[in-house]
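K.L.:
I have a structure here, written as structure tokens, and I will follow up with some questions on it.
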Amino acid sequence: MDESRLTSTSMNEVLERFKAGKPAALSRGISIVENQRDGFEAFLHAAMQTKLQGRRIGLTGPPGAGKSSLVALLTEFYISQGERVGVLAVDPTSPQTGGALLGDRIRMNDIAIDENVFIRSMATRGSLGGLAATTKEILDLMDCFGFDRLLAETVGVGQTEFEIARAVDTVVVVLVPESGDSIQAMKAGLMEIADIFIVNKADRPGSDKLVKEVRQAIHLRSGHNFKGFAGHHGPVIEVHDTAELNELDDELGWEPLVLKTNALTGEGIQELTQAIESHEEWIQGSGELQKRRKLRTEVRIREVMHRELVNRSIASRTVNKILTKRVEAVLSGHATPYSVAMELVDQFLEKDQ
Amino acid sequence: MTIREKDVPNISEVVKALSERDQEISDLKAKLLKWESTYERANKRKAVFNSGSGTEISPLYTDLDRAEADPGLLGLPGNYPYTRGPYATMYRSKLWTMRQFAGFATAEDTNARYKYLLDHGQTGLSVAFDFPTLMGFDSDHSRSLGEVGVCGVAVSSTLDMEELFEGIPLDKVSVSMTINGPAIILFCFYIAAAEKQGVDTRVLRGTIQNDILKEYQAQHAWIFPPNPALRCIVDMFDWCSENTPKYNPISISGYHIREAGATAVEELAFTLANGFEYVEKGLESGLDIDSFAPQLSFFFDVHNDFFEEIAKLRAARRIWARRMRKVYGAKNPASWRLRTHCQTAGVSLTAQQAENNIVRVAYQAMAASLGGTQSLHTNSMDETLALPTEKAARIALRTQQILAYESGIPNTIDPLAGSFYVETLTDNIEREAEIIFDEIETLGGVVPGIESGWFQQKIAHSAMRQQNEIESGERTVVGVNQFTEGSESIEIDTLKIDKEVEKRQIAKIVALKKSRDESKVSECLSALHQACRTDENLVPKILECARSYCTLFEIRDVMQEVFGSYKEPVFF
Amino acid sequence: MSEERRVRVLVAKPGLDGHDRGAKVIASAFRDAGFEVIYTGLHQTPEMIVSAAVQEDVDVVAMSVLSGAHMTLFPRVKELLGQAGADNVLVTGGGIIPKDDVKELEDMGIGRLFGPGTSTKESIAYVKEWFAIHAVSR
């Protein structure tokens, strides 16, 4: 490794330029965190001296649902409102080769060189849950950089989207009529996390049917049967009057909205931004945001602890020394993996403080 | 053993013939079993022999392979279902048109090349435009930087089109133009230039590619989204059937689909599916099938697998004829008849030992003529390196002339008909294409297939598979993965475009904008803007713009304001 | 705990030519070689490519140019990367590029340029080798 280059990208320098608002430093900072380069936690600690206040929206759904196009359209809308937007697009790593093909930027060409937009693609690198191990930390880093809005896009196929729900304020689940068959399988998982459902490619046959199915599933889950709900709001819930919705929410919590969009023509985008806004209003007004942020922070602390404990225990000489010895005991039948593991944890917690 | 339609046999003769036939078949089966046991014991060069498309080829084809086939599938040339050729007399009356694709630098430079080609016995012209023109940018647009006149000729207005054909009588020479995204605009430039020559548009012969669906699928020179783009095409069908009856307003092209990686079968099926889509759009807009279908033309790639390519062209004609007649109810035989241009496969050329390309091209050209093409472009040996030099282009043309005048191939019609192998391949390709049509139908049609990336993925997968086969050595490419000559350096004269070309083009546009009637220009453009918002046929409006020397980008821009732009869905 | 650094490559198709067969094949091959590939799609301006390269913090920008505009596009991307402070990014690529032009571009600091018929293995080996020697820690 070239030494002069090493120093030219030293973390302190990156940090300084990060604080001065240089996008290239954000970009390098993301790499540092993503690669979990030695000292990245100190880097994050230093970068996170500002309060996190970007509004975070997560979009998830099956591949090919049009998430990237929707992200591009939402971004276009937010920058037209004078906001600065950070986009994080997460795609799966190939389990066979460890490589990844990240193509989300293709749909974002229209916003790619706007100075108020920053787009980063990342691969999951073998992590489950639809997010990479460091996605949430990267979102924090982007948040500290001062974006007004953060959009996170992840592939979700039914069981793995819970992670994103923990990282953002509003979860938008994007479906397409073609994904109809797989909906059954993913319904349970998606119902748990969605704040807003989008049926994209609404010009395709089957979109009304899908809207209906999703809506039924929501009502089943919430245990309410809203008589005339669809009739009252029309085939697509139109969010004209947020007060009306708020009233509904106060009684029932948040009822996920179901909207139709067509990312190719831009139809339904305005309604989507309104829906996001009303969710934000609800989540703030109801105290839910505080609750989610608290939980998010708690989870984060635990995760960092977990990572640190694992790393330290792997590096611990005491642990390694005893481990090598005790393996023999297990093999000769004098101990089991369980007794050894317990012994090691006890030893580690006592001695490696 | 064939039963001719003319001599109507009586029943006892038929019964006798059939039992003789049964006897023949069982004899053949017995002999074949014996042959097979010999074959099984022998050494073989490979375990499996595949066609270029990857379908397994039998060691031997016999009468048995087509014992069940309907003799009506073959027919006679010029007769339904046109398996044996679209015209009754084929090359006995008229050889295929030798049409070499050419264009570079400015209209003036290309005009000189055209005159050279016509002097050397070429019988039709084929215009290659540069990338800015293909994408609807004027030479002075910032996005054109570095690409003006490089890969084709730059045409930014009717003025350039006039210069392109200066001294070439458009009432005599048929002209084909490879342009798609902004085809309707370039077509109007062409019409305006012909008018300027004093030519009646009704005598104009030629073809404009104008096939936007394959652009979305493979070639990627698009501007507008599918619906408005298809509307422009249907407007041209309508206008051309009235005003340019001898001109083909579309060339439904498999070439680019194939070059992007598709197999022969995919090329055939995707292209015909696109053709059906255009037909359906025409019908939806209220046109009568027989008013525009006779003017639809095709364009196929002719690649290395000799017999598969021949069979592909034969199957294409049969499938098209049947659909046009049975599904779309065309009554005019001219609507059933698939006419096609062919080009040898650019992707098959190698940069290594480039002279070998002359041989590849010759075999491919032979397949095209045996497949019954109506016109042909033969690639120059140096096309993987740069634009062809004059010498390379001349050899390519001579290749066709040797085929036409020395080989004897055009002496009889469809010489391979009845070959057990070629006929079986033709039947198989047809069957495989039908499976693909069904798949496209379940996707909801061609446009949803494009939007969901289905076509693009199929093409990319096939491209990747071929690349892997070459890299693993499974597929031999002479001079590339076998019979190589060590670290040969590629020495071949290539044509380079002077940077001055860009400057000259820009100066020309600046001068044009000073000399034209600006009030006329803005009047025409705003009339076009209006028309784009209605259902009105756009050709007369754009033609008015062309006559007033509005530039390509000015016209495109007005249309784009109403139509929007296409966004690429990319899939791997 | 630092894990093995993945090679990040931006595969871009600059200019107006739409022939992306080569770009897609190389993008897939790079992925299969274990690289993280960011694919930008067609019709990219040098400005778009450089902006993406910076935001994605890539090691390599690989461009496919078949339109003959290589003498404009490669130097422009290199120049803009320099202006963005990303001059340690390798600019490489392929396409129909005459020998004299290859020489001229390499003299300007462009990496290796691969002609038609190059095996993807060769380009992968080149990127891996470059990465082993020159990659910046990030």
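The values are calculated or read from the model by the stated rules, or taken from the named source; none is laboratory data. Only a predicted model underlies this, so the values are computations on that prediction, with no experimental measurement involved. Quick reminder, even Gly has a Cβ in these numbers, built from the backbone with ideal geometry, and neighbours come from all protein chains shown.
K.L.:
Of these, A:288, A:281, which one is touching a Phe, Trp or Tyr at 6+ places or on another chain (Cβ under 8 Å) and more than 24 Å from residue A:36 (Cβ to Cβ)?
P.N.:
Result of the check over A:288, A:281: A:288.
K.L.:
Follow-up question, since we're still on this one. Does region A:285-314 hold any residues that are within 14 Å of another protein chain (Cβ to nearest Cβ) and β-branched (Val, Ile, Thr), and which are they?
P.N.:
Within region A:285-314, A:304, A:310, A:314 qualify.
K.L.:
Given the criterion assigned to a strand (DSSP E or B) and within 24 Å of residue B:516 (Cβ to Cβ), identify the matching residue among B:148, B:127, B:199.
P.N.:
Numbers: B:148 fails: assigned to a strand (DSSP E or B); B:199 fails: assigned to a strand (DSSP E or B).
Just a single option satisfies the conditions, and that option is B:127.
K.L.:
Kindly list the number of the only condition in (1) surrounded by fewer than 17 Cβ atoms within 10 Å (Cβ to Cβ); (2) at pLDDT below 85 that fails for residue B:41.
P.N.:
That leaves (2) as the condition not met.
K.L.:
Still on this structure, please answer the following. Name the one entry in A:94, A:68 that is within 14 Å of another protein chain (Cβ to nearest Cβ), farther than 26 Å from residue C:87 by Cβ, of a type in the set (S, T, N, Q) and assigned to a loop (DSSP other than H, G, I, E, B).
P.N.:
Being within 14 Å of another protein chain (Cβ to nearest Cβ), farther than 26 Å from residue C:87 by Cβ, of a type in the set (S, T, N, Q) and assigned to a loop (DSSP other than H, G, I, E, B) holds for just one of A:94, A:68, which is A:94.
K.L.:
Something else about it: Restricting to region C:20-40, and then to whatever is surrounded by fewer than 24 Cβ atoms within 10 Å (Cβ to Cβ) and assigned to a loop (DSSP other than H, G, I, E, B), can you tell me which residue is nearest to the other protein chains (Cβ to nearest Cβ)?
P.N.:
C:34
Results for (1) over 30 Å from residue A:37 (Cβ atoms); (2) crowded, with 18+ Cβ neighbours inside 10 Å; (3) modelled with pLDDT of 95 or more, shown as yes or no for each residue.
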{"position": "C:98", "(1), (2), (3)": "yes, yes, no"}
{"position": "C:111", "(1), (2), (3)": "no, yes, yes"}
{"position": "C:115", "(1), (2), (3)": "yes, no, no"}
{"position": "C:119", "(1), (2), (3)": "yes, no, no"}
{"position": "C:124", "(1), (2), (3)": "no, yes, yes"}
{"position": "C:128", "(1), (2), (3)": "no, no, yes"}
{"position": "C:134", "(1), (2), (3)": "no, no, no"}
{"position": "C:138", "(1), (2), (3)": "no, yes, no"}
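K.L.:
Pick from B:445, B:371, B:453, B:449: which is buried (at least 17 other Cβ atoms within 10 Å of the Cβ), at positive phi and of a type outside the set (A, V, I, L, M)?
P.N.:
On inspection, the qualifying residue turns out to be B:453.
K.L.:
Looking at region B:120-141, which of the residues that are at the interface with another protein chain (Cβ under 10 Å from one of its Cβ atoms) and of a type in the set (A, V, I, L, M, F, W, C) is surrounded by the most Cβ atoms within 10 Å (Cβ to Cβ)?
P.N.:
B:134
K.L.:
Next question. What number of residues within region B:544-555 satisfy the criterion of being buried (at least 23 other Cβ atoms within 10 Å of the Cβ) and either within 14 Å of chain A (Cβ to nearest Cβ) or assigned to a helix (DSSP H, G or I) (or both)?
P.N.:
5
K.L.:
Among the numbered conditions (1) touching a strand residue (DSSP E or B) at 6+ places or on another chain (Cβ under 7 Å); (2) surrounded by fewer than 24 Cβ atoms within 10 Å (Cβ to Cβ); (3) of a type outside the set (A, V, I, L, M, F, W, C); (4) within 14 Å of chain B (Cβ to nearest Cβ), tell me where residue C:70 comes up short.
P.N.:
(2)
K.L.:
Checking residue B:57 against (1) modelled with pLDDT of 85 or more; (2) out of contact with any Ser or Thr (no Cβ under 8 Å at 6 or more places or on another chain), which single condition isn't satisfied?
P.N.:
Condition (2) is where residue B:57 drops out.
K.L.:
Does region B:227-243 hold any residues that are within 14 Å of chain A (Cβ to nearest Cβ) and more than 20 Å from the chain's Cα centre (by Cα), and which are they?
P.N.:
To start, the set of residues in region B:227-243 that are within 14 Å of chain A (Cβ to nearest Cβ) comprises B:227-229.
Hits for region B:227-243 are B:227, B:228.
K.L.:
Please enumerate the residues belonging to region C:45-71 that are within 11 Å of the chain's Cα centre (by Cα) and outside any helix (DSSP H, G or I).
P.N.:
C:58, C:59, C:60, C:61, C:62, C:63, C:64, C:65
K.L.:
Right, another one. Could you please find all residues in region B:436-456 being at the interface with another protein chain (Cβ under 10 Å from one of its Cβ atoms) and touching a Phe, Trp or Tyr at 6+ places or on another chain (Cβ under 7 Å)?
P.N.:
B:443, B:453, B:456
K.L.:
So in region A:257-269, with the set limited to residues that are touching a helix residue (DSSP H, G or I) at 6+ places or on another chain (Cβ under 8 Å) and surrounded by fewer than 22 Cβ atoms within 10 Å (Cβ to Cβ), which one is modelled with the highest pLDDT?
P.N.:
Restricting to residues being touching a helix residue (DSSP H, G or I) at 6+ places or on another chain (Cβ under 8 Å) and surrounded by fewer than 22 Cβ atoms within 10 Å (Cβ to Cβ), the top hit is A:269.
K.L.:
Also: Please give the number of the condition residue C:87 fails out of (1) farther than 26 Å from residue A:124 by Cβ; (2) part of a loop (DSSP other than H, G, I, E, B); (3) in contact with a Gly (Cβ under 7 Å, 6 or more places away or on another chain).
P.N.:
(3)
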